[in-house]
Amino acid sequence: MQLFYRLAADFVVLVHFAYVSFALFGLIAVLLGWLLKWQWVRNRWFRGFHLAMILVVVLESWCGFTCPLTTWESQLRKLAGQATHEGAFIADLLHDLMFFQAEPWVFTVCYTLFGAAVLGTLFFVPPRWRTGARTSDS
């Protein structure tokens, strides 16, 4: 059963890393898309989902909440009999890429500035709200 919990914790790290990657690379993609005139970065669903994801992180930080994925991983590691940050090689690598030591206010400032940048792109690189003109041929 410990193997199951260890693998589940590693999977949570992978999901967490995917979440962080989408937030980070989503902003980079929007900025590059603006420069390179990529129309897909103006997709309203992509932009809305991206904004919602970073707003969740900012609100967690402002409220002093620990990310549920971090809590879940920690609980699974304990059930696996591991220290709360140990995992398989890939899980450890992903974990180390996402987490580093700093005062909590540093993270709050970083998340807030990042969230403000994502919000700012809504004005500088506005999403398409309509998918195209409708015709009245019918």
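Some observations on this one:
- Each label was represented as a point 7 Å from its Cα along the Cα-to-Cβ direction; for F124 and Q101 these points are 3.5 nm apart.
- Rounded to the nearest Hz, the phi-derived 3J(HN,Hα) couplings of the range 55-72 under the Karplus curve 6.51 cos²θ - 1.76 cosθ + 1.60 (θ = phi - 60°) are 5, 4, 5, 4, 5, 4, 5, 4, 7, x, 7, 7, 4, x, 5, 5, 4, 5, where x marks glycine and proline.
- 3J(HN,Hα) couplings calculated from phi for the range 104-115 with the Karplus curve 6.51 cos²θ - 1.76 cosθ + 1.60 (θ = phi - 60°) are, in sequence order, x, 5, 5, 5, 4, 5, 4, 4, 5, 5, 5, x Hz; Gly and Pro show x.
- Kirkwood analysis of the Cα pair distances in the range 2-124 returns a hydrodynamic radius of 15.7 Å.
The numbers here are math on the coordinates, done by the rules we state, and not lab data. Owing to the predicted nature of the structure, the values given are computational and were not obtained by experimental measurement. Every residue, glycine among them, receives a Cβ derived from its backbone with ideal geometry; neighbour counts consider all protein chains shown.
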